[in-house]
Amino acid sequence: MAEPLLEIKDVHVEFEVRDGIVHAVDGVSYTVNRGETIGIIGESGCGKSVTAKAAMQMLPKPGKVSQGEIIYHRRSKFDPSKPQEVVNITQLDPDGELIRHIRGGEFAMIFQEPMSSLTPVYTTGTLIGEALALHRWVPVTVGEQMSNKIMQYRHVTKEESREIAIEMLQKVGIPKPHERVDAYPHQLSGGQRQRVMIAIALSCEPFMLIADEPTTALDVSIEAQILDLMRELQQSVEMSIMFITHNLGVVAEMAKEIVVMYMGKQVEKADTVKVFYEPKHPYTRALLQSIPKVGRRTSERLASIKGMVPDPFHLPSGCVFHPRCPSFMPGKCDVIKPKYIEVEPDHWVRCLLYEDV
Amino acid sequence: MAEKIPVTDNVLLDVRGLKKYFPITSGLLRRVTGYVKAVDDVTFFVREGETLGLVGESGCGKTTASRTVIRLYEATAGEAFFRTDLFSTDGKVEMVNLFDLDKEQIKKVRRQISMIFQDPINSLNPRMSVFDIVSEPMVIHGLRKGPEMEETVVSLLERVGLRKEHIRRYPHEFSGGQRQRIGIARALSLNPRIIFCDEPVSALDVSIQAQTLNLLQDLQSDFNLSYIFVAHDLSVVQHISDRVAVMYVGKIAEMAGSDALYNNPLHPYTEALMSAVPKPDPKYESERIIMQGDVADPSNPPSGCYFHPRCRYATDICRTATPEFRELKPDHFVACHRAEELQLKGV
Ligand SMILES: Nc1ncnc2c1ncn2[C@@H]1O[C@H](COP(=O)(O)OP(=O)(O)O)[C@@H](O)[C@H]1O
Ligand SMILES: Nc1ncnc2c1ncn2[C@@H]1O[C@H](COP(=O)(O)OP(=O)(O)O)[C@@H](O)[C@H]1O
Ligand code: SF4
Ligand SMILES: [Mg+2]
Ligand SMILES: [Mg+2]
């Protein structure tokens, strides 16, 4: 039975800027289950990263959650039998102690641009060690009571930390990890820096990994290694993954369930096989048809989506997708805002084709 | 002038034995201590009106090979024959070695050879208006003036799906996909025969990527253009290319028609690369070949076949001898010692 780890409930995020208010995220709801992968897809600017940042309570200024809540079912890292705590992430002080424990230790995040997120003056070993010192604990038996061991947890030692760092570097496919552990970020290639960041994120064995376009800048051979590593870790430590990408191949391979976003709105959500084989929303369909498929050279031309993503200050009336939609129904789609409805069990769509209007 | 070779069937560009080594220097005297063999004995050709895709992991030499052919870099060795009528006195086409041309001649030949870059944001000068960007090549070549120039720019913009009103705007006022269209309009401005496209859609969203690929295909059939299409996305390359060359550490591992290469690869590197591409089909059962280790260092490549340390089929000969790049089947070239006997899987 799927057990929820993180529930994103009707979340709205606004940015108040000079020209007005941008509704970057406009009513998004999904649940990340323990040990499962949810894929978030959509074109750039549709609000994927902003949603993820809201879940870490680290929205850039002037962004704020204006509506909705993000519920984290927090389990003890040491004792899984302890009752879970219910934490409302949106209510936490963004600089408070609790969120700092959660970030990095319980939720880890991998971004797309690795250079800006690695401190240049530390070696890879130090960077991984820093994360370990904060968030990884080693169990020690301090006594025995009947058949129960009494456990305590201590921080990792320097030696252990170096060993773990080397092991992680090797796992993410960095050649000569014994040497690379002492390298500085600028001495590594872009692909290697990205892998170091992944090593840092995974070294603390988080409950949830937010992977925001983690392999977009990497070659397919490295991407394959990283995806395998994520799956391996997912099995061994029951890690959930929020996988944000615009690569439909990657999401098909990784995700159990998929959320499709367009202009801050969630337009479809269903099981991965359903999304690929029975997509309901015209945007999802168009997206799937617009990608070339390796090995299958079918038509000469790709089906492209006409026009461009609209300007956030001049959003189209009715359904925001209507000016680009191949199923556009005049008098309806440009007038009525579609509701988000469950068209079949666990398959949600926001489109007037499925409403009686 | 140029050494002449016979004009064969409809080959437009014929590159032979191309090498580009970048010197590695050290110390105050900048003594040369070694070379990055970025392109190391590469042979390929492009026919008129066709697209040759160039794929391979980053750093394998795709950009360097393109830039060397068009003389943005000076070649270390090799020849690049280009079919043109620009230099003949009797107006006949001939094969001219681009590497023999002098400065004036290169400037002249640039009319027929054009480029599009990956990053539509950084490749356009932010202080130039769309009009300036698109007309600049024509100004350099002294081709059009005044109202005629303006007309040409407008028609180029319309041809790539932009509007007349865009002519006085600046790059930052456009989206990534629109900027790429500005770059394409500029590349078309001199009526080229061939366009080198270096990762032209890699930075674009899928829907914009599809629009751009369709545009490139339309332009190709309208103007009988040839493309060298460099990209790391194997599905995009298969879609747009008639033929594909797979590069590995400065060398071409395999070159063949798109379908032959993807469905019946002859080189183990091609097979492994294809297997690694995530397929947009959740029911696809992947049998992924994980390549061990990293791409070899082009300043210190392994002995024998450069791919041998990562190849699961490597035998003794692979560790010692360089495999010959040969035509194993008609129009299907490969550089692997074991290509005749191996049964490889395509996608
Ligand atoms: N720091 C910011 N200031 C103002 N607006 C922002 C900021 N960050 C994001 N936005 C807005 O939020 C929208 C969604 O952004 P994002 O979530 O990063 O998109 P993506 O789906 O590409 O990850 C953007 O189109 C932008 O309008
Ligand atoms: N100007 C240069 N000076 C020195 N080395 C270079 C230069 N340009 C590229 N290289 C090296 O040549 C190799 C091939 O690079 P490149 O052609 O850019 O590969 P690709 O386009 O396939 O990613 C790389 O090892 C790169 O570091
Ligand atoms: S509501 Fe109308 S415009 Fe929007 S996606 Fe559905 S059919 Fe298209
Ligand atoms: Mg993003
Ligand atoms: Mg390149």
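The values are calculated or read from the model by the stated rules, or taken from the named source; none is laboratory data. Computed from a predicted model, the values in this text were never measured in an experiment. For neighbour counting, all protein chains shown are included, and Cβ atoms are generated from backbone atoms with ideal geometry for every residue, glycine included.
Can you say whether B:ARG83 is basic (Lys, Arg), surrounded by fewer than 19 Cβ atoms within 10 Å (Cβ to Cβ) and touching a strand residue (DSSP E or B) at 6+ places or on another chain (Cβ under 9 Å), as far as the supplied structure shows?
Considered against the rule, which asks whether it is basic (Lys, Arg), surrounded by fewer than 19 Cβ atoms within 10 Å (Cβ to Cβ) and touching a strand residue (DSSP E or B) at 6+ places or on another chain (Cβ under 9 Å), B:ARG83 comes out as no.
Tally time: how many residues in the range B:133-156 are out of contact with any Phe, Trp or Tyr (no Cβ under 7 Å at 6 or more places or on another chain), surrounded by 16 or more Cβ atoms within 10 Å (Cβ to Cβ) and part of a helix (DSSP H, G or I)? Lay out the reasoning, then the answer.
Here is the first cut: in the range B:133-156, the ones out of contact with any Phe, Trp or Tyr (no Cβ under 7 Å at 6 or more places or on another chain) are B:133-152, B:154-156.
Pick out the ones that are also surrounded by 16 or more Cβ atoms within 10 Å (Cβ to Cβ) and you get B:133-135, B:137-138, B:143-144, B:149, B:152, B:154, B:156.
Subset that is part of a helix (DSSP H, G or I): B:133-135, B:137-138, B:149, B:152, B:154, B:156.
Selection size over the range B:133-156: 9.
Here is a check on your reading of the model: is A:ILE71 within 14 Å of chain B (Cβ to nearest Cβ), away from ligand 5 (no atom under 16 Å from the Cβ) and not small (Gly, Ala, Ser)?
It is false that A:ILE71 is within 14 Å of chain B (Cβ to nearest Cβ), away from ligand 5 (no atom under 16 Å from the Cβ) and not small (Gly, Ala, Ser).
May I ask you to list the residues in the range B:274-308 that are farther than 18 Å from B:LEU52 by Cα, hydrophobic (A, V, I, L, M, F, W, C) and within 13 Å of chain A (Cβ to nearest Cβ)?
Matches in the range B:274-308: B:ALA276, B:VAL277, B:ILE289, B:ILE290, B:MET291, B:VAL295, B:ALA296, B:PHE307.
Can you name every residue in the range A:56-68 that is crowded, with 18+ Cβ neighbours inside 10 Å and either within 16 Å of ligand 5 (Cβ to nearest atom) or modelled with pLDDT of 95 or more (or both)?
A:VAL65
Would you say A:HIS178 is more than 14 Å from chain B (Cβ to nearest Cβ), in contact (Cβ under 8 Å) with a residue 60 or more places away in the chain and not in a loop (DSSP other than H, G, I, E, B)?
It is false that A:HIS178 is more than 14 Å from chain B (Cβ to nearest Cβ), in contact (Cβ under 8 Å) with a residue 60 or more places away in the chain and not in a loop (DSSP other than H, G, I, E, B).
Looking at A:LYS337 and the list (1) under 23 Å from A:VAL25 (Cβ atoms); (2) more than 9 Å from chain B (Cβ to nearest Cβ); (3) more than 10 Å from ligand 3 (Cβ to nearest atom), which single condition is not satisfied?
If we test A:LYS337 against (1) under 23 Å from A:VAL25 (Cβ atoms); (2) more than 9 Å from chain B (Cβ to nearest Cβ); (3) more than 10 Å from ligand 3 (Cβ to nearest atom), just (3) comes out false.
Quick check, is A:ARG350 surrounded by fewer than 15 Cβ atoms within 10 Å (Cβ to Cβ) and either in contact with a strand residue (DSSP E or B) (Cβ under 7 Å, 6 or more places away or on another chain) or modelled with pLDDT under 95 (or both)?
It is false that A:ARG350 is surrounded by fewer than 15 Cβ atoms within 10 Å (Cβ to Cβ) and either in contact with a strand residue (DSSP E or B) (Cβ under 7 Å, 6 or more places away or on another chain) or modelled with pLDDT under 95 (or both).
Residue under question is A:ASP228, and the condition is that it be closer than 30 Å to B:GLY59 by Cα, modelled with pLDDT of 85 or more and more than 14 Å from chain B (Cβ to nearest Cβ); does it hold?
Details: closer than 30 Å to B:GLY59 by Cα: yes; modelled with pLDDT of 85 or more: yes; more than 14 Å from chain B (Cβ to nearest Cβ): no.
No.
Residue by residue through the range B:157-177, note down the ones that are assigned to a helix (DSSP H, G or I), buried (at least 17 other Cβ atoms within 10 Å of the Cβ), more than 22 Å from the chain's Cα centre (by Cα) and within 14 Å of chain A (Cβ to nearest Cβ).
B:HIS166
Rundown of residues vs (1) of a type outside the set (Gly, Ala, Ser); (2) within 16 Å of ligand 1 (Cβ to nearest atom), yes/no style:
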| position | (1), (2) |
| --- | --- |
| A:PRO214 | yes, yes |
| A:GLU257 | yes, no |
| A:VAL275 | yes, no |
| A:SER290 | no, no |
| A:VAL294 | yes, no |
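State whether one or more residues within the range B:220-233 are in a loop (DSSP other than H, G, I, E, B) and at the interface with chain A (Cβ under 10 Å from one of its Cβ atoms).
There is at least one residue in the range B:220-233 that is in a loop (DSSP other than H, G, I, E, B) and at the interface with chain A (Cβ under 10 Å from one of its Cβ atoms).
Only one residue in A:VAL22, A:VAL17, A:VAL32 is hydrophobic (A, V, I, L, M, F, W, C), within 20 Å of A:PHE313 (Cβ to Cβ) and touching a residue at least 60 places away in the same chain (Cβ under 8 Å). Which one?
Working: A:VAL17 fails: touching a residue at least 60 places away in the same chain (Cβ under 8 Å); A:VAL32 fails: within 20 Å of A:PHE313 (Cβ to Cβ).
Selected residue: A:VAL22, the only one of A:VAL22, A:VAL17, A:VAL32 that is hydrophobic (A, V, I, L, M, F, W, C), within 20 Å of A:PHE313 (Cβ to Cβ) and touching a residue at least 60 places away in the same chain (Cβ under 8 Å).
Say we look at the range B:207-219 and pick out the residues that are hydrophobic (A, V, I, L, M, F, W, C) and surrounded by fewer than 23 Cβ atoms within 10 Å (Cβ to Cβ); which of these is nearest to the other protein chains (Cβ to nearest Cβ)?
B:LEU213
Here is a list: B:SER88, B:SER58, B:SER123. Which entry is small (Gly, Ala, Ser), within 16 Å of ligand 5 (Cβ to nearest atom), more than 14 Å from every other protein chain (Cβ to nearest Cβ) and outside any strand (DSSP E or B)?
When all the criteria are applied, what remains is B:SER123.
Does the range B:61-71 contain any residue that is away from ligand 5 (no atom under 16 Å from the Cβ) and either surrounded by 13 or more Cβ atoms within 10 Å (Cβ to Cβ) or more than 21 Å from B:PHE325 (Cα to Cα) (or both)?
Looking through the range B:61-71, at least one residue is away from ligand 5 (no atom under 16 Å from the Cβ) and either surrounded by 13 or more Cβ atoms within 10 Å (Cβ to Cβ) or more than 21 Å from B:PHE325 (Cα to Cα) (or both).
Any idea which residue in the range A:198-220 is nearest to ligand 5 (Cβ to nearest atom), counting only those that are away from chain B (no Cβ under 14 Å) and not hydrophobic (A, V, I, L, M, F, W, C)?
A:ASP212
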